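This report concerns only the one structure given below.
What follows is calculated from the coordinates using simple rules that are stated; it is not laboratory data. Just so it is clear, the model here is predicted, and its values are computed rather than measured. Using ideal geometry, Cβ is built from the backbone for each residue, glycine included, and neighbour counts are taken over all protein chains shown.
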Amino acid sequence: MTPIILDMDPGIDDAVALSIALTNPELDIKLLTSVAGNVSVDKTTTNLLKLTTFFNQTQVPVARGAAAPLKKAFVDASYIHGASGMPGYEFPTITTQALTTDAVSAMAKVLSEAPEPMTIVATGSYTNIALLIQNHPEVISQIKEFVLMGGSLSGGNVSSVAEFNLFTDPDAADVVFKSGVPIVMIGLDVTLKALLSLETIDAVADLGEAGNMLHKLMTAYGDSEPGGKPMHDVNTICYLLLPEFYTTKDYWVDVITDGPASGATIADTQNRWSNGKINAKVAVDIDAQAFEKWFLAQIPTMNHYCEGAF
C-alpha cells in the first residue's frame, strides 16, 4: 500500500476522488486535511467526515485546515459545487469528529513519524502545504513528492490564464513550486480531456449505493464540457495508481501572484530563463478512454465499504 496525506476542499470532484481513495486497497490514507476552496473550511471539513462515515472509514483522521488564503480574500466556488459543496444526496449522520489539532500540525506529526518519505496529494488550494513548508521546514525531507491538481499551460477556468486552485491562493502555490520538493502537476491540460460522458454518469446510478451517491453528486455538478463532465481531482488518484495513463513533460514552472494574470502557471517550455532547472513533472495528455473505463471499475469495490453505514 502507498501511504499518502490527502489535502482537499470537497467539492464534488474532490468527493469523487476521495471515494476512490478511501476504498482502493492500494492506498493507505494516513491523514485527511481540509482547506477553504470550493466552499468554506467548515463545510469542507464536514464533507470529509461525511465521506469517511459513508464508507465506514472513520479510523482515517481528519484535520481542519486553513480558512483563507495566505494573502488574498477568500472567494468560494459554491456557484459550481452548491452551498454545501456536496449537494443532492442525503448522507448518513456523521459518527466522528475532526482532530483538535490543526491540519498543518497534524501533517507535520504524520510526516515526522513516517518511516520513509510520503506523498502529499492536494486537490484544493495549496494553503495548508505552503504553511507546512514555511512553519515546519524540518519535515520537508519527509515529503516524497506533491501530486497536485491545479494549474494549466493552455488557459484557465476562472480567468483566461488561471485555474481555480492556483487562482484561489497563488501565493501558496508560489511557495510550493519553489519548495524544492518534487511536484507532479495535473492541471486543466489533462483534466478537461478526462471527461465522464453523460452515458457513463447515468450508468453509475445503477451501481449500488455508492453509485447512487456519486450519480447524485455528479449530476448536481455545475462544471460541464461538450461531451461530458470533468472530474478534475480524480486524476490525482488515477495518476498515483496508473501513471502510464498520462503523458508528462519536465519543466520549470513559475506562478504569477498578482495582476491580471494572477494564478497563472508559466512553464519554461523553451528553456529561456530556467537554465535547464526543473521543478515539476507536468501532465500534458491522457488516455481518456482508459480513464473512464478505470473509473467505472472502481465503484463495485466502493459498495463493499459503504455497506452498513445506513
For n ≥ 4 DSSP H runs only, could you compute -39500 (n - 2.57) per run for the chain, divide by its residues and tell me the 222 nm figure to the nearest 500? -10500 deg cm²/dmol
Where the centroid of each part is defined by its Cα atoms, how far is region 247-264 from region 126-159 in Å? 12 Å
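Residues with beta-carbon under 10 Å from that of PRO69, excluding PRO69: net charge, scoring Lys, Arg +1 and Asp, Glu -1? Please report the intermediate quantities before stating the final value.
Numbers: positive: LYS71, LYS72; negative: ASP169, ASP171.
Combined, the nearby Lys, Arg, Asp and Glu give 0.
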So for region 37-196, averaging the separation of alpha carbon pairs under 8 Å that are six or more residues apart and normalising by length, what relative contact order in percent results? 23 percent
Sparse-neighbour loop sites [chymotrypsin sites (Phe, Trp or Tyr not before Pro); region 235-299; at most 14 other C-beta within 10 Å; DSSP]: TRP273
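So how much slack lies between GLU244 and ASP206, counting 0.36 nm per residue of separation and subtracting their Cα-Cα distance, in nm? Each step should come with its number before you reach the end.
Numbers: separation 38, 0.36 × 38 = 13.68 nm, distance 2.93 nm.
That pair, GLU244 and ASP206, stretches by 10.7 nm at full extension.
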I'd like to know which of LEU22, ASN212, SER224 lies farthest towards the positive end of the charge dipole of the chain, counting +1 on Cβ of Lys and Arg and -1 on Cβ of Asp and Glu. LEU22
Suppose R0 equals 30 Å; then what is the FRET efficiency for SER160 and LEU198 from their Cβ-Cβ distance, rounded to the nearest 0.05? 0.65
Region 2-306: antiparallel bridges as % of DSSP beta bridges, rounded to 5, reads 35 percent
Note to self: C-alpha centroids of region 170-186 and region 196-236 sit apart, in Å, by 29 Å
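State, as an integer percentage, the relative contact order of the chain based on alpha-carbon contacts under 8 Å between residues 6 or more apart. Don't skip to the answer; put the middle values down first.
Values: 712 pairs, mean separation 63.2, N = 310.
For the chain, the relative contact order is 20 percent.
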